[in-house]
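In what follows, a single structure is set out as structure tokens and then discussed.
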Amino acid sequence: MKATIRAFVAIQLPVAVKSALGSAIAEIGSLRGAHPVKPEGVHLTLKFLGDVDVKRVGSLCEAIEAVAWSVAPFSLSLGGMGVFSESRSARVLWVGVTGQIELLQELRRDLESTTSAFGFTKDRRGFSPHITLVRVRPESPSEELNKTIEALSRLKFLDGLQIPVSHISLMRSTLRPKGASYDTLASFRLVG
């Protein structure tokens, strides 16, 4: 049996941004059936890889590092809020990003190309850069969900709250009953 880890490539967020998002998550409230993301775990996922054979992690790190070296550092900031839905029901409440989106898109394209060469599936949905705040179970009462979405739409973040993107990280996700926990396996400096 192969030893695997559940992995993804992400941009980790500065403490000030995590703090602002933690306040936002607390302000949204506690919707029954909702799972708020722990503020210390918020991140911007660039590429979800899924189960990765631990024997391939070293060569995968080399490939991700090559991508990082090809893209210059850039800056993002928190943007508008939104909802991803399935069958007319909200499932993920998120905050978007603004700023040097063209460099973010370039980084994402390069990661897609590199990881597909390793046999990872290309994302067919396209890339919609966001930071997940709350995941919602299908059985959540719609009136509570509507109140939560309304609270989300009122959130404002401080102007100038920047996300300097100078590194990307290969992360491991461990699913637990009280939510996922994330560990950094390796971090790669953007050089460009």
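The values are calculated or read from the model by the stated rules, or taken from the named source; none is laboratory data. Note that this is a predicted model, so its numbers are computed, not measured. Cβ coordinates were reconstructed from backbone atoms using ideal geometry, including for glycine residues, and neighbour counts include every protein chain displayed.
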| Qualifying positions in the range 49-83 - out of contact with any Ser or Thr (no Cβ under 8 Å at 6 or more places or on another chain), closer than 23 Å to residue 182 by Cα, free of Cβ contacts under 8 Å to residues at least 60 places away in the same chain and not charged (D, E, K, R) | 58, 59
| query | Across the range 85-99, which residue is modelled with the highest pLDDT among those that are more than 18 Å from residue 43 (Cβ to Cβ) and surrounded by fewer than 18 Cβ atoms within 10 Å (Cβ to Cβ)? | reply | 91
| message | Contact list please: Cβ distance under 7 Å, first residue in the range 110-139 and free of Cβ contacts under 8 Å to residues at least 40 places away in the same chain and under 30 Å from residue 21 (Cα atoms), second residue among the acidic types (Asp, Glu) and surrounded by fewer than 19 Cβ atoms within 10 Å (Cβ to Cβ), pairs at least six apart or on different chains. | response | 122/112
| task | Considering only residues that are in a loop (DSSP other than H, G, I, E, B) and aliphatic (A, V, I, L, M), look in the range 176-192 and name the one that is nearest to residue 75 (Cα to Cα). | result | 190
| Quick one: would you say residue 126 is in contact with a His (Cβ under 9 Å, 6 or more places away or on another chain) and either at negative phi or modelled with pLDDT under 95 (or both)? | no
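Matching residues to (1) over 18 Å from the mean Cα position of the chain (by Cα); (2) surrounded by 16 or more Cβ atoms within 10 Å (Cβ to Cβ); (3) in a strand (DSSP E or B):
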| residue | (1), (2), (3) |
| --- | --- |
| 7 | no, yes, yes |
| 10 | no, yes, yes |
| 25 | no, yes, no |
| 58 | yes, no, no |
| 69 | yes, no, no |
| 77 | no, yes, yes |
| 83 | no, yes, yes |
| 102 | no, no, no |
| Restricting attention to the range 27-49, which residues are assigned to a strand (DSSP E or B) and at pLDDT below 80? | 34, 35
| Residues (at pLDDT 85 or above and among the aliphatic types (A, V, I, L, M)) located in the range 14-26 | 15, 16, 17, 20, 21
